[in-house]
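Just so it is clear, none of the values below were taken in a lab; they were calculated from the coordinates. Quantities reported herein were computed from a predicted structural model and do not represent experimental measurements. Note that each Cβ is placed from the backbone with ideal geometry, even for glycine, and that neighbours are counted across all protein chains shown.
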Amino acid sequence: MHPQGVEIVTVCLETLGPDPGRPYIEAAQPTHPTVLDTAHLVDELFGIVNIPNAVWIDSEGMIVRPAEPAWPAPRKPGGRPLPDETPQRLRDIMAEASKIKAWTAESYADAVRDWAANGAESRHVLTADEVIARSGARDSFTSTAAAHFSLAEHFERSGNHPKAVEHFRHAHRLAPDNWTYKRQAWSIEGDLDNPMARFWQGPAEGRDWPYESDWLTDIRTMGAERYYREVEL
């Protein structure tokens, strides 16, 4: 789609710098720009609360589709079997993840292609009022949560983890539906040198868990089918 004027830019949200995301970017070998957002600015500015999300911005710099779940291709059922030594928690996480409904999996790429071909005349381009309506509430709770999250990132990078946890917890309470805030905090607990530890995102034997929730508990409480909101293309 690049010859048609569409520039794909992927953003890695990662407080701790480039190292955690680098292996995935190198494995993907993207031919488009990939940037690292260590301050989670796209969360704050565009209202992104989960991944994968996408925002459509036209050649005039106007948002024509706000942040929404965006799968580039249909998800393949099944997958490789887990190794025998996989801990039960990770098995449970993968079982819940398999129930997640990717609302736009089969149609999203076609919608982008339609936009590339038809520009402003594409039936998937929204009016300004529709963009605002779909963007959701941006109230004082949202902005205060963003401020706490920024403080948490600052303290984490400064080496003051207990203070970071304090502000992460405030952000989680003020913006309970923001999964990027939660997952960022959860993923930096435990052994950061172990890649699988970043997917654990919850209590472990012999380790204090400083948060009021965790990924597995939350997903079971809300129902995996509600992890992504439904998107109307």
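Which shape class, rounded, prolate or oblate, goes with the chain when its Cα gyration tensor gives a ≥ b ≥ c as root eigenvalues, a/c under 1.5 marks rounded, and past that a/b bigger than b/c marks prolate?
Taking the square roots of the gyration eigenvalues as a ≥ b ≥ c, the chain is prolate.
Note down the nm distance, to one decimal, between modelled labels 7 Å out along Cα→Cβ at Ala109 and at Val9.
My value for the distance between the label points is 2.3 nm.
Go through Ala133, Asn53, Pro81 and say which Cα lies farthest out towards the positive end of the charge dipole of the chain; charges sit on Cβ, +1 for Lys and Arg, -1 for Asp and Glu.
About the Cα centre, the residue reaching furthest to the positive side is Pro81.
Between Ile219, Tyr24, Trp179, whose Cα lies farthest towards the positive end of the dipole of the chain when Lys and Arg beta carbons carry +1 and Asp and Glu beta carbons carry -1, centred on the Cα centre?
Ile219
Put a dot 7 Å past each Cα toward the Cβ at Leu16 and Glu212; how far apart are the dots in nm?
2.5
Among the DSSP beta bridges whose two residues both lie in the chain, what percent are antiparallel, rounded to the nearest 5?
55
Measuring from label point to label point, each 7 Å out along Cα→Cβ, what is the Ala133 to Glu166 span in nm?
For Ala133 paired with Glu166, the spin-label model returns 4.4 nm.
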